[in-house]
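Have a look at the structure below, then the notes.
The values are calculated or read from the model by the stated rules, or taken from the named source; none is laboratory data. If you're wondering where the values come from, they're calculated on a predicted model, not measured in any experiment. Neighbour counts are summed over all protein chains in view; Cβ atoms, including those assigned to glycine, are modelled from backbone coordinates with ideal geometry.
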């Protein structure tokens, strides 16, 4: 199937490793020119070179901290200067697993909560706000926000708060920009295999999902690529659970 993505231009935040790297790869394989961003420039340049060799696409590394207004403005400006515009924004940058354990109320530190929300929630808003004028100018665009299944379970106050907020901002953006040809959707991955996943973690994840194995980052990336396609117009403002199926839970 032709996803009609060839020649599109994307930003993927948190793109140097893990799910973000897999997303950049999947988009590039469909002919998308991709800016990947993260705070560490060395990791970015290594990933960009690897993905460019593998896909033949333009992969541009631009270091930026999505927790900082000026850095995000610079990121978007540099992207437009290099690629000539923006069509797709994938918001993925976050502190993996949350900044600190927060399973019990006594463990919650308000500073950690605010720092985590600043990077993931406010960060998603910053990048969306900076990129939106270019999407509106196109009359078409896609924003895909990566959350997490902590939004739909207890066990970590901070992780739950930040991922519930991802769904909230997704629907707000979708309602505002849908009439201008821009769809906004979110994906909540569960435990996902990345380059850092060991055998024990994979086995633990497999025991807790109905498909019987851990979901791979490439499979999350495939869903993102579908949502980025012009063919995905029927979906807007939705949050898709993508953890391999939780036992006993009915989502509706």
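State whether the residues of segment 153-161 include one that is in contact with a strand residue (DSSP E or B) (Cβ under 9 Å, 6 or more places away or on another chain), modelled with pLDDT under 95 and closer than 23 Å to residue 186 by Cα. Taking every residue of segment 153-161 in turn, at least one turns out to be in contact with a strand residue (DSSP E or B) (Cβ under 9 Å, 6 or more places away or on another chain), modelled with pLDDT under 95 and closer than 23 Å to residue 186 by Cα. Return the residues of segment 176-187 that are under 17 Å from the mean Cα position of the chain (by Cα) and more than 12 Å from residue 19 (Cα to Cα); say none if nothing qualifies. Those that are under 17 Å from the mean Cα position of the chain (by Cα) and more than 12 Å from residue 19 (Cα to Cα): 182, 183, 184, 185, 186.
Checked against (1) over 18 Å from residue 221 (Cα atoms); (2) touching a strand residue (DSSP E or B) at 6+ places or on another chain (Cβ under 7 Å), residue 39 passes all but condition (2). For residue 90, state whether it is under 15 Å from residue 124 (Cα atoms) and either assigned to a strand (DSSP E or B) or out of contact with any helix residue (DSSP H, G or I) (no Cβ under 6 Å at 6 or more places or on another chain) (or both). Yes: the conditions hold for residue 90.
The residue of segment 9-28 that is nearest to residue 67 (Cα to Cα), among those that are in contact with a strand residue (DSSP E or B) (Cβ under 6 Å, 6 or more places away or on another chain) and not in a helix (DSSP H, G or I), is 13.
Return yes when residue 187 is at pLDDT 95 or above and over 23 Å from residue 88 (Cα atoms) and no when it is not. No; evaluated as a whole, the condition is false for this residue.
Quick grid of which residues meet (1) free of Cβ contacts under 8 Å to residues at least 24 places away in the same chain; (2) out of contact with any helix residue (DSSP H, G or I) (no Cβ under 8 Å at 6 or more places or on another chain); (3) surrounded by fewer than 19 Cβ atoms within 10 Å (Cβ to Cβ):
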| residue | (1), (2), (3) |
| --- | --- |
| 158 | no, no, no |
| 164 | yes, no, yes |
| 174 | no, yes, no |
| 180 | no, no, yes |
| 185 | no, no, no |
| 189 | no, no, no |
| 192 | no, no, no |
| 200 | yes, yes, yes |
| 204 | yes, yes, yes |
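Tally the residues that are over 30 Å from residue 9 (Cβ atoms) and under 16 Å from the mean Cα position of the chain (by Cα), restricting the search to segment 191-227. Total meeting the criteria: 1. Looking across segment 241-250 at every residue that is touching a helix residue (DSSP H, G or I) at 6+ places or on another chain (Cβ under 8 Å) and surrounded by fewer than 17 Cβ atoms within 10 Å (Cβ to Cβ), the one that is nearest to residue 8 (Cα to Cα) is identified as 246. Taking the conditions (1) over 29 Å from residue 7 (Cα atoms); (2) in a helix (DSSP H, G or I); (3) in contact with a helix residue (DSSP H, G or I) (Cβ under 8 Å, 6 or more places away or on another chain) in turn, residue 122 satisfies each one other than (3).
All but one of (1) modelled with pLDDT under 95; (2) at positive phi hold for residue 108; state the number of the condition that does not hold. Here residue 108 meets the rest and fails (2). Taken over segment 124-133, the criterion of being surrounded by fewer than 19 Cβ atoms within 10 Å (Cβ to Cβ) and under 19 Å from the mean Cα position of the chain (by Cα) is satisfied by 125, 129. Residue 17: within 18 Å of the chain's Cα centre (by Cα), in contact (Cβ under 8 Å) with a residue 60 or more places away in the chain and surrounded by fewer than 21 Cβ atoms within 10 Å (Cβ to Cβ), yes or no? Judged against the criteria, residue 17 is a match. For segment 134-150, the set of residues classified as surrounded by fewer than 21 Cβ atoms within 10 Å (Cβ to Cβ), free of Cβ contacts under 8 Å to residues at least 60 places away in the same chain and touching a helix residue (DSSP H, G or I) at 6+ places or on another chain (Cβ under 9 Å) consists of 134, 136, 139, listed by residue number. Report, by residue number, each residue of segment 29-70 that is out of contact with any helix residue (DSSP H, G or I) (no Cβ under 6 Å at 6 or more places or on another chain), crowded, with 18+ Cβ neighbours inside 10 Å and not in a loop (DSSP other than H, G, I, E, B). Matches in segment 29-70: 44, 48.
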